[in-house]
1. Output the antiparallel fraction of DSSP beta bridges having both residues in the chain, as a percent to the nearest 5.
2. Compute the label zone of residue 154 within the stretch 12-40: residues whose backbone N is under 18 Å from the point 7 Å along Cα-to-Cβ.
3. Rounded to whole Å, give me the distance from the Cα center of the stretch 98-119 to that of the stretch 261-277.
4. Tell me, what is the FRET efficiency for residue 220 and residue 429 to the nearest 0.05, using R0 = 60 angstrom and their Cβ-Cβ distance as r?
5. Expressed in nm to one decimal, what extension gain is obtained for the pair residue 173 and residue 90 from 0.36 nm per residue of sequence separation less their Cα-Cα distance?
6. Mark the label point 7 Å from the Cα of residue 449 along Cα→Cβ and return the residues of the stretch 479-500 whose backbone N is within less than 12 Å of it.
7. Using the alpha carbons of the chain, what is the convex hull volume per residue in cubic angstrom, as a whole number?
8. Would you mind putting 272-278, 339-345 in packing order, based on average other-beta-carbon counts within 10 Å, highest first?
Ligand SMILES: Cc1cc2nc3c(=O)[nH]c(=O)nc-3n(C[C@H](O)[C@H](O)[C@H](O)COP(=O)(O)OP(=O)(O)OC[C@H]3O[C@@H](n4cnc5c(N)ncnc54)[C@H](O)[C@@H]3O)c2cc1C
């Protein structure tokens, strides 16, 4: 220990470095478990302009779990989808997004204005009694001392130090926390500069359409996005020789937005050059330090999944921190964080890169697009992968898959009654045994008393399904399971819910 005074410093269970969407979501979830959290954010106020413009049903389900879905949904709009066209506007590939709520209980895709979302997340934080937020606090160093982490930051012209049981770096691409870990970027090969332009329309322009249009053009791929209210986004790929100072001028921009829109129809609210990269941190956890969101991964925005991935990271991390700090789980439970999240994230990055390559080549690539029809009737579908190396029994085919969220006979969604706990859904046959092993951190739901739950089991040919607080499946028992399989399932759950003993022993990577 390099500082004997360390235990006299203010101490928090968790320090979150960075209050972007990832850190703000994490703070809200941890507050739901009553954890003592300090958030340190360098900026004095929320960044007033959007970066992300899309989130998905998984993100919305997480917002639901922190009680913010209604406010966030009110400001967002359901996305109709994306059309990939060539430079002559001929349809190459269609990615329609359903206009009905899906198996996760929400619409699969939303368009939103990022400052609205961050305002809601901050409203949530302000209502949390156990979360302290210091704005204008720039973290300069984090040091894992073994028993605690020391965090140094400057605030109001003075240097401060606090300690924490765990420090989570949600401090973006240039993360200080990542720098303190023995960690490198794995470069997945995509690097392009794009000009991002946000326009505020002066008057409605319904003729611009509601679809996102990705123009695939070897010379100059571009994207048009229909955002909420009067907001519209254009993204334009840049050539290597084009300088930021030149392309952010009105002289460069307006000719490229015509004929869609002219200067008297809208105001350029923001123009910025971004470097779109594809990177994955080699380690996501080292001792008491962890990273999430852009601190752990970067991807080009063609799928609109960078922020969504960060939200999945913290949903995964939060219940594990709560399990350790509140439910006596062993610290080794956190080893599953990187194991479950890293390879899952790789799939999103690689897919986003392939879409980027498609936009650059004006040709469709395979895998992602099942069969491209010359008439543009090919359809793209969303990624629905389970977690890599998920906790659970290796022979359980449902472990690590995303759980559906049925609407119960009461009219509530399952997540509304889970209270951030595990949901054990089982038929009456197993209810007594499962109830006896469930603890304060799980709730047993009898499928016999609710048709939505019995349908869920029936559809999955299961007699029991255990859903984690982050809405992935921990364990399942087949409807026709042999006696040995039943014994193995009950033994696993008994160890898991018996203070999480045996958790790591039983989990093997897929
Ligand atoms: C043009 C563009 C379009 C995009 N579109 C989408 C989309 O449609 N959908 C989607 O899901 N994603 C999208 N993304 C990606 C998305 O914006 C990011 O993945 C997301 O904002 C990352 O959030 P974060 O909270 O992890 O990091 P950030 O938003 O970068 O937040 C990090 C925070 O940490 C703070 N910080 C940094 N260092 C320190 C320090 N030392 N001390 C204290 N505080 C610190 C920063 O001030 C900042 O507030 C897009 C990105 C771009 C560039």
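1. Values: 68 of 96 bridges.
The antiparallel fraction comes to roughly 70 percent.
2. Inside the label zone: 18, 40.
3. Their Cα centres are 24 Å away from one another.
4. Values: r = 63 Å, r/R0 = 1.04.
Computed FRET efficiency for residue 220 and residue 429 comes out at 0.45.
5. Values: separation 83, 0.36 × 83 = 29.88 nm, distance 3.64 nm.
Contour length minus the Cα-Cα distance gives 26.2 nm.
6. Answer for the stretch 479-500: none.
7. Numbers: hull volume 81.6 nm³, N = 510.
About 160 Å³ per residue, rounded to a whole number.
8. Details: 272-278: 17.1, 339-345: 22.4.
With the highest mean Cβ count within 10 Å placed first, the list reads 339-345, 272-278.
Readers should treat all values here as calculations from the given coordinates under stated rules, not as data from a laboratory. Keep in mind that what you see is a predicted model, and the values were worked out from it rather than measured. Because the Cβ atoms are built from the backbone with ideal geometry, glycine has one as well, and the counts that use them run over all protein chains shown.
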